[in-house]
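The values are calculated or read from the model by the stated rules, or taken from the named source; none is laboratory data. All of these numbers come straight from a predicted model, not from anything done at the bench. Cβ coordinates were reconstructed from backbone atoms using ideal geometry, including for glycine residues, and neighbour counts include every protein chain displayed.
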Amino acid sequence: MKKKAAFFTLGCKVNFCETEALQALFEQAGYKITDFDNQADVYVINTCTVTGSSDHKSRKAIRRARKRSPGAIVIATGCYAQGAPEKIKEMEQADLIVGNREREKLPQILTSLEPGTALDLVSPHPADSRFEMLPPVKRRNRTRGFLKIQEGCDQHCSYCVVPSVRGPLRSLHPEEAVLRAKNLVASGCREIVLTGIHLGFYGAELEDVSLPSLLKDLEEIPNLFRLRLSSLEPSDINAELVDHITGSWIVCPHLHIPLQSGDGEILRLMNRPYEPVEYLYLAKWLKQEIPALALSTDIIVGFPGETEKHHRRSMKLIKDIGFSRLHVFKYSPRPGTPAADYSGQVPNKVKDRRSKEVIELGEEMASAYRRQFLGTVQPVLVEKVVPYSYGEGFTQHYLRVKIDMDIKGLHWRGKLINARLEKEDGSEIKAIRVKKK
Ligand code: 5AD
């Protein structure tokens, strides 16, 4: 009988990509993939360490796996494993700790591993670290797939632990990226989300390769309807990229550009290389160039030294810019980062309240953004069909839409369906299909 492997992922899209690749690796090695809640021979927890709460959830998942199957092999990998292997060792729940490197060899290592060994295979990233080549993902039956094309970050924002656990900048070779994208399309994907740790630096260390040049190559792939970009830094946005988005049929008018704070003093303390007004003008320019642009962002509240005045100024700038969606984080001191030692750490209660305020503002803005589309007809890439009820998917502006279904709708999955957006329903939009003339 085939051995079973179960996976659990915490954190960002890059982690989700990597888990899928690890699943493909285990399948190649003869394992059957099963649910994390089932009995399995091997459990892989792909951990995250971006905040203290990520560490906590990662530890919880490791414990859960061990409890489920006391005799199984439990593997901790990912950013928390890379950054704090000793903490995981202390738990005495994991048999194997591997960070973000050299996971290609995992199945071979497992053949000679005894349960209860607590083997720590974490090693630091060398300066010439290569792009980890996990096998291409097989995406049975999914309409949206993630493709990791870039790894590492050298920005060193004062709060962020990611550069230390993800290592130096490196990129997937464009030929390999196209091959992997074709693979995703062949398995049914119609939308590909390009991801990376510092995506805008894609190609930085390769000759004549950049994000726009890769987009051009990917656009040629038949049956790929959409390309979406995940997070980009403000300084990564240039006229070439914007021209490319406006001139493209398939690159979505959706950008996620982390602002982190709308206050200049806080941005400086964060080691973010722009002024609030620069971001404001960047956003204005983008919205002018890309009509109805979906612009989303990350905000950290309660950074050390953030007073009520800073917080108010930040809220005002967020409002002035106008986002389609906010991801709000409460500042979490990360050991080894400069900001963890800054004076003026903000009490949790204050962080909670500020976070609530920014989340509320984000919800208002998201609703206003959604409402401007009511009455318009938008192509929706249907990801899920609930027979005789509705088809669900996203517009290119990343609005989640449910389309009322008649009998023909049973075949909507993976297709672009024109829908008139009728009304808001919580964070979704209800729509009806309109036929092509
Ligand atoms: N505390 C809170 N949020 C953080 N982020 C990164 N580091 C921290 C931290 N120490 C957030 C940033 C980043 C997102 C991925 O995580 O907003 O953009």
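What is the one condition in (1) outside the structural domain of I290 (by TED's automatic domain parsing); (2) in a strand (DSSP E or B) that G409 does not satisfy?
(2)
Does any residue of region 54-75 turn out to be buried (at least 20 other Cβ atoms within 10 Å of the Cβ), more than 16 Å from the ligand (Cβ to nearest atom) and under 24 Å from L147 (Cα atoms)?
Yes, region 54-75 contains at least one residue that is buried (at least 20 other Cβ atoms within 10 Å of the Cβ), more than 16 Å from the ligand (Cβ to nearest atom) and under 24 Å from L147 (Cα atoms).
Considering only region 293-310, how many residues are under 24 Å from L255 (Cα atoms) and either more than 10 Å from the ligand (Cβ to nearest atom) or crowded, with 19+ Cβ neighbours inside 10 Å (or both)?
8
Within the set of pairs 6+ apart or on separate chains, which have a first residue in region 341-360 that is touching a residue at least 40 places away in the same chain (Cβ under 8 Å), a second that is part of a helix (DSSP H, G or I), and C-beta atoms under 6 Å apart?
Listed pairs, sorted by first residue: R354/H311.
Among the residues of region 232-256 satisfying the criterion of being within 16 Å of the ligand (Cβ to nearest atom) and under 22 Å from E176 (Cβ atoms), which is modelled with the highest pLDDT?
Here the answer is L232.
To keep it simple, each residue is scored yes or no on (1) free of Cβ contacts under 8 Å to residues at least 24 places away in the same chain; (2) surrounded by 18 or more Cβ atoms within 10 Å (Cβ to Cβ); (3) in the same structural domain as L269 (by TED's automatic domain parsing).
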site: R130; (1), (2), (3): no, no, no
site: Q150; (1), (2), (3): no, yes, yes
site: Q155; (1), (2), (3): no, no, yes
site: L172; (1), (2), (3): no, yes, yes
site: R180; (1), (2), (3): no, yes, yes
site: A186; (1), (2), (3): yes, no, yes
site: C189; (1), (2), (3): no, yes, yes
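Out of all the residues in region 311-334, which are within 16 Å of the ligand (Cβ to nearest atom), under 26 Å from L255 (Cβ atoms) and in a loop (DSSP other than H, G, I, E, B)?
Matches in region 311-334: F323, Y331, S332.
Being without any contact (Cβ under 8 Å) to a residue 40 or more places away in the chain, in contact with a strand residue (DSSP E or B) (Cβ under 9 Å, 6 or more places away or on another chain) and closer than 18 Å to I237 by Cα is the filter here, so list the residues in region 208-222 that pass it.
Those that are without any contact (Cβ under 8 Å) to a residue 40 or more places away in the chain, in contact with a strand residue (DSSP E or B) (Cβ under 9 Å, 6 or more places away or on another chain) and closer than 18 Å to I237 by Cα: V209, L211, L215.
Where the second residue is part of a loop (DSSP other than H, G, I, E, B) and near the ligand (Cβ under 7 Å from one of its atoms) and the first is of a type in the set (A, V, I, L, M) and lies in region 320-335, which pairs have Cβ atoms under 6 Å and are six or more apart or on separate chains?
Taking only residues 6 or more apart or on different chains, not a single pair turns up.
Can you find even one residue in region 364-376 that is modelled with pLDDT under 95 and either under 30 Å from D263 (Cβ atoms) or hydrophobic (A, V, I, L, M, F, W, C) (or both)?
no
Anything in region 1-40 that is buried (at least 19 other Cβ atoms within 10 Å of the Cβ) and under 12 Å from A65 (Cβ atoms)? List them, or say none.
A5, A6, F7, F8, A40
Please go through region 346-367 and give me each residue that is more than 24 Å from the chain's Cα centre (by Cα) and of a type in the set (A, V, I, L, M, F, W, C), ordered by number.
V346, V350
Look at region 286-310 and say how many of its residues are touching a Lys or Arg at 6+ places or on another chain (Cβ under 6 Å) and in a loop (DSSP other than H, G, I, E, B).
Residues that pass the stated criteria total 2.
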